[in-house]
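Visitor: This is the structure I want to talk about, given as structure tokens.
The values are calculated or read from the model by the stated rules, or taken from the named source; none is laboratory data. Everything numeric here is computed off the predicted structure, so don't read it as measured data. Because the Cβ atoms are built from the backbone with ideal geometry, glycine has one as well, and the counts that use them run over all protein chains shown. Surface accessibility is based on the protein's heavy atoms, side chains included, excluding ligands, DNA and RNA. Shrake-Rupley method; radii C 1.70, N 1.55, O 1.52, S 1.80 Å.
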Amino acid sequence: MEIGKGERILLPMAWLLLVPGGMALLWQFGPDIDDWIAFAIMAGAAFVTGLFPLEFRNIAVSFQQWLLFAIFLRFGAAAEVLVSQLIVLATVFFSKSVLPPVHRFMINSLIFFCSSVMAAGVFFLSGGVTGSTSVSHVAGYGLLYMVTYLATNHLCLLTDSKWSGRPYNLRSRETLWDAASLLVTYPFGIAAYFLELTYGPGGLVPILIPFFIALLFAARYNTSESVNRRLESASKIGYELAGRLNSEELIRLFIHRIRQVKEADAVYLIESSEGRFLATNAWEEDKLTNNPRHLLITDSNRSGFDRLRAAVFGTAAEWKRALPFRLPEGIESVMVAPLSEENQLTGFVVAGSYRRHLFDREDCQIFDLLCTHFTVSLEKARYFETAASYSERCPLTGLRNYGWLERELERRVSNVNGGVLSRLSLIILDIDHFKRLNDTYGHQSGNDILISLAAILEKNTEGKGQVARFGGEEFVILLPGWRKEEAVEFAETLRKYIEHSIFEIRPDLGAERQKEFVGITASFSVASVPEDTDDPMDLLRNADRALYVGGKQSGRNKVGVYGR
């Protein structure tokens, strides 16, 4: 996330003005620490707890507040602020964020400092005192302290969101989990305070040992649950991918799902083509593209790719040493996994993030599993497309066949009737005297002419419409969005082009089969929707009638127009 110029200037100024001076004042006017051993034990335990938050349904919850609360009750606000600032410093450099570490430290330092000072101020102004031996006094004013701390923390987060535009929702599950954590931090904090106050530093042992054992078991359970959730998510994505039979749609879906799983800032599909690796599809610059511009292949001889395996890199320095390509500037964390088919390396999928250490070993395993699902689904989709292509194409000319034409015509006319498409024009053309060509030169020569004419039609209709073989020597051209007058002009242009073209054949009726060149002509007809009909079969019949009335019966090599 880009940081605004105002924030880059004002945030350091605010931090320098409030935090160092505020901490100095707290130490100057606050009570001295009378038991450094107890303070060190409590501070160390808080520090360790802060470094290992637990995740509940993708929400991180940290429980160091119970020890910070006990430190405040025992040693005052200055001691609590010092420990909380040290925890912020450590967690910033060990956690993952798109923000620069120093900038993030200043934000969190300010938030925690304001929360500590506000909670302490409310505590003291309402009559609370530190070091009290009264259970009711500590419980009552301590609850006020904890609630104020929580409320101030979230108000600071809300203020930061309004100022910087960073996402935050006060009415969220994160807020509810923070509030629920008081059920642990509040009673544990009071218990730790009285145990230390009564029995000294050794009194902390009965509560710290079971707490950390419980934290360890919770962390292990949390890790297991996290892996199970990731596997479940990967399984759902695998089923979703398997249901796609269009390769382009499948690739788009896969890239989107990879982005969503770990909030990647860039995703690249690298495929092998003629012995080289090329980036063919990507999510970069916040959009999908089939022409990636920011991935540069640096190893052109495959050796770097052949050695590459599924891996995770936490920093730019790591992946730049290991990968045979370069990613967009600023990418830190990278996750890469190979694609293979029948033990042959066919490509790679690469996910990158501007945050450092975003991906871990478990992420890589799930990523590799997803890539396997993707490879199988892509192979199936491309096989299906190939089979579908054969089933709807003329084997001689390679053009679409009548079955495809029937379905496409139905769809296009429905679009016009439904208002999705403004109009549709259709051209039929028929080779003049084709039977005479076959009788004179042989059927193979007729096939040669059909193949050459199909290539001419495909070339001239590219970007304009769709061409299909209607049957025999007849062809159909669909022109979505074209007016009838425009289609008539286009048909006339094609008629003249064919009339002046030379076709190469090798007659199979002669003994030597010498190469010859012949010329042909074709008759055309045009009909349109909605001018002439709103029914797909009637459109074909109208064009067919115009072909024979306005084209063949009028002398051939002409363009007939239905309704004229």
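Visitor: Would you mind getting the accessible area per residue of region 247-389, heavy atoms of the protein chains only, 1.4 Å probe, in Å²?
Guide: Here the residues of region 247-389 average 50 Å² of exposed surface.
Visitor: May I ask you to give the solvent-accessible area per residue for region 6-224, in square angstrom, as obtained with a 1.4 angstrom probe?
Guide: Per residue, region 6-224 has 50 Å² of solvent-accessible surface.
Visitor: Related question: Of Lys464/Lys496; Lys464/Lys558; Lys484/Lys558; Lys380/Lys459; Lys435/Lys464; Lys464/Lys484, which sit over 26 Å apart, Cα to Cα?
Guide: Pairs exceeding the cut-off: Lys380/Lys459; Lys435/Lys464.
Visitor: Between region 184-220 and region 97-173, what's the alpha-carbon centroid distance in Å?
Guide: Between the Cα centre of region 184-220 and that of region 97-173, the gap is 22 Å.
Visitor: Further, regarding this structure: Which residues' amide hydrogens lie under 5 Å from the amide hydrogen of Glu341, considering only partners 5 or more residues apart or on another chain, with H built in the peptide plane?
Guide: Thr346
Visitor: Starting from the Cα-Cα distance between Ser136 and Val518, subtract it from 0.36 nm times their residue separation and give me the gain in nm to one decimal.
Guide: Fully extending the segment from Ser136 to Val518 adds 126.6 nm.
Visitor: Between Leu170 and Leu155, what is the label-to-label distance in nm when each label sits 7 Å out along the Cα-to-Cβ direction?
Guide: Placing both labels 7 Å along Cα→Cβ, they lie 1.0 nm apart.
Visitor: Something else now. Given H placed 1.01 Å from N in the peptide plane, which residues other than close sequence neighbours of Trp482 have an amide H under 5 Å from its amide H?
Guide: Correct list: Ser425.
Visitor: Which entry in (1) 25.2; (2) 30.3; (3) 31.1 is this structure's computed Kirkwood radius over Cα pairs in Å?
Guide: (2)
Visitor: Let me have the relative contact order for the chain, percent, based on Cα pairs under 8 Å that are six or more residues apart.
Guide: 9
Visitor: Grab the DSSP H runs of the chain that are 4 residues or longer, score each as -39,500 (n - 2.57), total them, divide by all residues and round the 222 nm result to the nearest 500 deg cm²/dmol.
Guide: Computed ellipticity for the chain at 222 nm equals -19000 deg cm²/dmol.
Visitor: Counting only residues 5 or more places away or on other chains, whose amide H sits under 5 Å from the amide H of Phe325 once H atoms are built in the peptide plane?
Guide: Placed amide hydrogens put Thr298 under 5 Å from Phe325.
Visitor: With labels modelled as points extended 7 Å from the Cα through the Cβ direction, what inter-label distance (nm, one decimal) is found for Glu458 paired with Ser235?
Guide: Calculated label separation equals 4.6 nm.
Visitor: Further, regarding this structure: Can you give the Kirkwood hydrodynamic radius of region 6-224 from its Cα pairs, in Å with one decimal?
Guide: Computed over region 6-224, the radius equals 18.0 Å.
Visitor: So, for region 402-561, what is the accessible surface per residue at a probe of 1.4 Å, expressed in square angstrom?
Guide: 48
Visitor: Mind checking the dipole of region 234-384: about its Cα centre, +1 per Lys or Arg Cβ, -1 per Asp or Glu Cβ, Debye to the nearest 20?
Guide: Dipole of region 234-384, to the nearest 20 debye: 100 debye.
Visitor: Over the chain, with every protein chain in place, what whole percent of the accessible area is carbon and sulfur at 1.4 Å, could you tell me?
Guide: Accessible surface attributable to carbon and sulfur in the chain totals 56 percent.
Visitor: On a full-extension model of 0.36 nm per residue, what is the gain between Glu410 and Thr289, subtracting their alpha-carbon distance, rounded to one decimal in nm?
Guide: Full extension of this stretch gives 40.4 nm more.
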